[in-house]
Amino acid sequence: MADSYWYNLTTGEVEYGPESPAVDRAGPFETADEAARAPEIMRERSKAWQEEERREAEWGSGDS
């Protein structure tokens, strides 16, 4: 993972390799551009997870 990029959640900067403490970073990402998009990627994944959880909660409940 040393050859990966990370997004520093505190500074908003992209780091090469795990420079900051784990609690302060998101990743790893394959490219610096992908790491720079980390906030957007995390929002997209969060929305997808929320939708998946909603569908699972409705499954079998008769709601559609």
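Every read-out reported here was derived from the displayed coordinates using simple, explicitly stated rules and does not represent laboratory data. Values in this document were obtained by computation on a predicted structure and should not be read as measured data. A quick note on method: Cβ atoms are made from the backbone with ideal geometry, for glycine too, and the neighbour counts reach across all protein chains shown.
How many residues are in a helix (DSSP H, G or I), of a type outside the set (Ser, Thr, Tyr) and under 10 Å from the mean Cα position of the chain (by Cα) if we restrict to segment 6-59?
Narrowing segment 6-59 to residues in a helix (DSSP H, G or I): 22-24, 32-36, 38-58.
Next cut, of a type outside the set (Ser, Thr, Tyr) only: 22-24, 32-36, 38-45, 47-58.
Right, trim to under 10 Å from the mean Cα position of the chain (by Cα) and you get 35, 38-45.
The qualifying residues number 9.
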Quiz item: Quick one: is residue 37 of a type in the set (Lys, Arg) and exposed (fewer than 10 other Cβ atoms within 10 Å of the Cβ)?
Solution: no
